[in-house]
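Step one of this worksheet: look at the structure below.
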Amino acid sequence: MVSRSRTQGALECNRERVSLMIMPAMLLTGLGLVVQVADAVPRYDIRRTCRAAVTLAAGSEGRTVESCMAGEEAARKDLEKQWVKVPAPERTQCVGTVAVGGSPSYVELLICLEMMRDSRTHQQDERAKARNPAGPTPQKGMTN
């Protein structure tokens, strides 16, 4: 009995070691996939997205699948023009955010990236102000 419990203990220890070795590899693989997804503007089924949007907006005047798709195509063209200029972490975050809910939208992706850009710009401005809050300081002891 003693040797059997030792064997089971050793097996459990080995399983834990293997799990600990596999986890980082899985994590790195998963991160690599996320980065690859964000390297190009993602492809969305905008017809499905627009059908869902029109259904949700039932009763709204002028909202058709065709007008929705035209807006989505215009947003996609804008995204393609500026995609490489957007920092990769912002692209990755917005692609993930927009995918939540199952009906991703180029318009929503564009808005997300614009908000990320505005936030980044605001943070940079705040840092610059913190470094130099009131501009040049007058020298002490000098009078006009």
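Any read-out appearing in this document is the output of simple, stated calculations on the displayed coordinates, not a laboratory observation. All values derive from a computational prediction rather than experimental measurement. With ideal geometry, Cβ positions are generated from the backbone for all residues, glycine too; neighbour counts draw on all protein chains shown.
When peptides 39-46, 116-123 are sorted by average Cβ neighbour count within 10 Å, with the highest value leading, the order is 39-46, 116-123. On the basis of the beta-carbon distance and an R0 of 41 Å, Arg131 and Arg43 show a calculated FRET efficiency of 0.45. For every other residue with a beta carbon closer than 12 angstrom to the beta carbon of Cys112, add +1 if it is Lys or Arg and -1 if Asp or Glu, then tell me the sum. My count for the surroundings of Cys112 gives -2. Looking at the square roots a ≥ b ≥ c of the eigenvalues of the Cα gyration tensor of the range 39-131, which shape do they give, rounded for a/c under 1.5, prolate if a/b is larger than b/c, or oblate? Verdict is prolate for the range 39-131.
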